[in-house]
Each structure stands twice: as structure tokens, then as C-alpha cells.
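The values are calculated or read from the model by the stated rules, or taken from the named source; none is laboratory data. Everything numeric in this text was worked out from a predicted model, so none of it was measured. Ideal geometry is used to build each Cβ from the backbone, glycine not excepted, and the neighbour counts take in all protein chains shown.
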Amino acid sequence: SWNLSEFGQRLGRGSGIGNLMDDLGHALAAGGDRVCMLGGGQPAHIPQIDAVWRRRIEEISAVPGQLEHALGNYEPPAGNMAFRTALAKLFQRQFGWSIGPENVAVTPGGQTAFFLLFNTMAGRFPDGTTKKILLPIIPEYIGYANQSVAEEMFVAVRPKIERIGQHRFKYRVDFESLEITDDIAAICVSRPTNPSGNVLTDAEIAQLAELASQNGIPLIVDGAYGAPFPGAIFTETTPVWNDNIVLTLSLSKVGLPGTRTGIVIGNEDLIRSVASMTSIVGLANTNMGQAIVTPLIESGELLQLSDEVIKPFYQQKSIEALRIAEEVFDDSLPYRIHQSEGAFFLWLWFEDLPITSAELYERLKARDVLVVPGHHFFFGDVIEGVSTPWKHHEECIRMTFTMPEPKVRQGLSIIADEVRRAHQQG
Ligand code: PLP
């Protein structure tokens, strides 16, 4: 076969998570209805929300020219002007931010936004130095891990672990271990965090924003699950933005992952550079997601759906999954679940588990329960933090709680059973 460039070798030859997703897909296909698929980040099909998409497609088709415009035109690389303006007005109204369409760029999904952002901010600089993205807290979203076109791009700091009661815990940013050296290009966090369901507090975000601005580097906040949409965030928090903060959003978790619509909110220079990269890599963006939601943003319907349908749906699923966990795990079994403050997952920690999370994953897969082993979410050059050595990264799994209740119950029962067995037999 051909020799590949560094880019080709890094991006074109698979990845750990790519293999895992493949593995999950095959197991799902082989197992059919028996399988408990608790591994993905797929939003639920909420009937009331799916009905809105159907209605919007009908409305678009009914107005002469609208469908033709959305399907038949290249839009500017930063996105459709009406969509960007509607979003800017929403942020002005909702949060009092002084932003305009010049602060908003559309990308083909949030994932692509991160590829572009990370590779413009970090990597090799013209003077020969290299810079990295700092993850101030891990575990963090696995989708970032393999996005560098050159060498390892992330440095990460272990969290502080706060044990809460007998069976809960919460990660906190370990600010004492967090040092912004010259080779840090930007700070990045997802809020709510995939995989842990953590929501960094307003105080933590304020301190990170302050550190970033003192050091003249951006703070990237990934709001894929957050405010104002889809609003899968169960704690009281205030979204923040300023010239030094880059906020990313997405239409995926609202229920439109198939439209591939990501949103970057940043200062004008950054937005111009995102638009430039989009035009080089892909000419323009996909239009349908923007066409579907623009009137829903203008009328406030999208916010109302987020507050009254989407958020309660996921919060209810989270409460239900936690209740089932309490039922199926023996109280004496060493298990802890991260505070479920947002996103679509329970993050389970089995302290002193005699087997690794990778082995637990295999045993669960053999019983048709598909989860994601936790070690994938601890990546980058990890800065030694509060507790060394550290087994924690091999003691956790992520499970999605968006499935129907019987599947969540079946999955959690088998997880509890396998954890119990591991303790009994090793
Ligand atoms: N950020 C986080 C934390 C995610 O979980 C995801 C998807 O799962 C994304 C970004 C990217 O989503 P999309 O590319 O569909 O917008």
C-alpha cells in the first residue's frame, strides 16, 4: 500500500475509539433485540421533538422557494445569515451578551469545530515551538483525543475526587496542579462533561476564564449538552462568554445529529478564521439544520422545547437510572456514581475493582450489555495530580441512560452482577 503522510497515518488508520465503536456496532448487529446498547451518545427520539422536525420539513416544503433555497444553494462559509443573526439575538436576549452574527460561525457538527479549533490553536508554530491544549480536568470527551494532525496535542490534569455519601462522588478542578506554562495554547472543557455528567461550577469556570485571560490564551467551553439548547443540564448555572472565551454548541443533542450542525461563538478574528477553514476544507456547510431551526430560534420555540420537553426528559431518565442503580447494587458493594448534573450518561466508579474496566467491558459484552470502558476518557500527557499512583482511570465505565427503562434496568442489573462476581472471583 501507499506511504502515508503524518496526517494520513494519524487520521486515516483508525483509532482506539474508532475500533471500540466498530466493536459496539458489530456486537449490536449480532445480538439484535437481546442487546442493551448503553454505549452511545445518540440523543433519544422524543416523539414530541421528532414531530417538530416533521412539521418544519412540511412548512419548508410548503413555502415556494424555501426548500429550493436550502437544498440548492451554497451558503457563505460562516453559515446562513438569518440563522447566525437569530442566534446572536437569542444570546443577547437570554444572557445579555453583546454579540452579533459576526461572532457566530457554523461548522459541519461540533466535532469538526473542534478539529479546526484545536489544530489552529495548538501544534507546531512558525518559530518551531509546539503548543498544546490543556484539559484542566479529566475524564474528558473521547472525541477530542485523536484530532491532532501532528504530535500528541493534549495535556491533562487529574481531578480532585470529592466522595459524597456512600455511593456518590464529584470531580473538581485541581487548581493547585494546574499550571499555565508557555506551551499551553488554550484551555478546553465540556460542560456538562461527557462522560462524567459533571457540570463545572460557575466558580470553577470563572477561575478558568481568569487564568486564560491572564495568560492571553482562549478558554474553550463545549456546550454540546448545555445551555441554552438542548439544556440537558440539571444544576443552576450561568453560561458565560467574552472575547476570550470560545463557546461551541450543536444541534445534535437537540435531536438533529443527522443534519451535522455545529456552532462556534467567538471573537470576530476567530470567526473569520473558522469561516476560512470551512471554505478551504468543505466550501460551505450543510443547510438543512439551520433552515429547520431558524424560525424556532426567532420565535423562542426552541428554548421552550429545551426547557419544557428535552431537559425534563433527560433529567427524568437520569433520576430513574440512579434509582434503578440503588435497587440493583448491593449496598455493601464498593460502587460510586458521579453526581448526574447533565448530559446523557451515568459514570460509574468501582473502587478497587480486581479487574480493569477493559476486562469488565468484555465480560459485559459477553452478556449483551454494551458500555464504554472508562480508560478511553483519560487521554493526553497526564500531569501528576493529587494522588499517585492512580488506578482510578481503570475503575470506571460510562453507560448511557437514554434507553427505555427495561433496558436500563437489565443493563444495570448485569453490571452489578459482574462487579459482584469480579470481587468474589477476581
Ligand atoms: N462535544 C461533546 C461533549 C460531545 O459529546 C459530542 C458528541 O457526542 C460533540 C461535542 C460533537 O457532536 P456533534 O459533532 O454531533 O455536534
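A few notes on this one:
- Within the stretch 260-272, one or more residues are more than 19 Å from the chain's Cα centre (by Cα), assigned to a loop (DSSP other than H, G, I, E, B), within 24 Å of Q92 (Cα to Cα) and modelled with pLDDT of 95 or more.
- Among residues of the stretch 228-259, those that are surrounded by 24 or more Cβ atoms within 10 Å (Cβ to Cβ), part of a loop (DSSP other than H, G, I, E, B), within 14 Å of the ligand (Cβ to nearest atom) and not basic (K, R), counted: 5
- Count of the stretch 157-177 residues which are surrounded by 14 or more Cβ atoms within 10 Å (Cβ to Cβ) and either part of a strand (DSSP E or B) or touching a residue at least 60 places away in the same chain (Cβ under 8 Å) (or both): 13
- Residues located in the stretch 24-38, provided they are surrounded by 14 or more Cβ atoms within 10 Å (Cβ to Cβ) and without any contact (Cβ under 8 Å) to a residue 60 or more places away in the chain: G25
- Boolean, I46 is under 23 Å from the mean Cα position of the chain (by Cα), modelled with pLDDT of 95 or more and under 29 Å from P404 (Cα atoms): yes
- L270 being surrounded by 19 or more Cβ atoms within 10 Å (Cβ to Cβ) and near the ligand (Cβ under 10 Å from one of its atoms): no
- Set G79, G110, G41: member being in the same structural domain as M277 (by TED's automatic domain parsing), crowded, with 19+ Cβ neighbours inside 10 Å and assigned to a loop (DSSP other than H, G, I, E, B): G79
- Identity of the residue in the stretch 8-38, in contact with a Gly (Cβ under 6 Å, 6 or more places away or on another chain) and either at pLDDT 85 or above or not in a helix (DSSP H, G or I) (or both), that ends up nearest to L346 (Cα to Cα): L38
- Any chance I17 is farther than 25 Å from E152 by Cα and in contact with a helix residue (DSSP H, G or I) (Cβ under 6 Å, 6 or more places away or on another chain): no
- For the stretch 213-249, the set of residues classified as within 22 Å of K131 (Cβ to Cβ) and hydrophobic (A, V, I, L, M, F, W, C) consists of I217, L219, I220, V221, I245, V246, L247, listed by residue number.
- Among residues of the stretch 48-70 that are over 22 Å from F313 (Cβ atoms), those with a beta-carbon under 6 Å from a residue that is of a type outside the set (A, V, I, L, M) at least six positions away or on a different chain give the pairs I60/Q66; L67/S61; A70/N287.
- Failed item in (1) farther than 15 Å from S276 by Cα; (2) among the polar types (S, T, N, Q); (3) out of contact with any strand residue (DSSP E or B) (no Cβ under 7 Å at 6 or more places or on another chain), with T120 passing the rest: (1)
- Within the stretch 322-343, the residues that satisfy the criterion of being part of a strand (DSSP E or B) and within 16 Å of the ligand (Cβ to nearest atom) are H338, G342.
- Answer residue from the stretch 70-127, given it is within 16 Å of the ligand (Cβ to nearest atom) and among the small types (G, A, S) and is nearest to E152 (Cα to Cα) among those: A113
- Only one of the listed residues (F377, F350, F344) is touching a Gly at 6+ places or on another chain (Cβ under 9 Å) and in contact (Cβ under 8 Å) with a residue 60 or more places away in the chain. That residue is F344.
- Residues that are touching a strand residue (DSSP E or B) at 6+ places or on another chain (Cβ under 9 Å), at pLDDT 95 or above, within 30 Å of F329 (Cβ to Cβ) and outside any loop (DSSP other than H, G, I, E, B) occur in the stretch 190-208; there is at least one.
- Just so you know, in the stretch 129-152 the residues that are surrounded by fewer than 23 Cβ atoms within 10 Å (Cβ to Cβ) and among the charged types (D, E, K, R) include one that is farthest from L178 (Cα to Cα), and it is E151.
- Entry remark, the stretch 135-156: residues being part of a strand (DSSP E or B) and within 16 Å of the ligand (Cβ to nearest atom) number 3 in total.
Table: residues versus (1) surrounded by fewer than 23 Cβ atoms within 10 Å (Cβ to Cβ); (2) modelled with pLDDT under 95; (3) not assigned by TED's automatic domain parsing to the domain that holds M21.
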position: V274; (1), (2), (3): no, no, yes
position: V281; (1), (2), (3): yes, no, yes
position: T286; (1), (2), (3): yes, no, yes
position: V293; (1), (2), (3): no, no, yes
position: Y314; (1), (2), (3): no, no, no
position: R323; (1), (2), (3): yes, no, no
position: V328; (1), (2), (3): yes, no, no
position: A343; (1), (2), (3): no, no, no
position: W347; (1), (2), (3): no, no, no
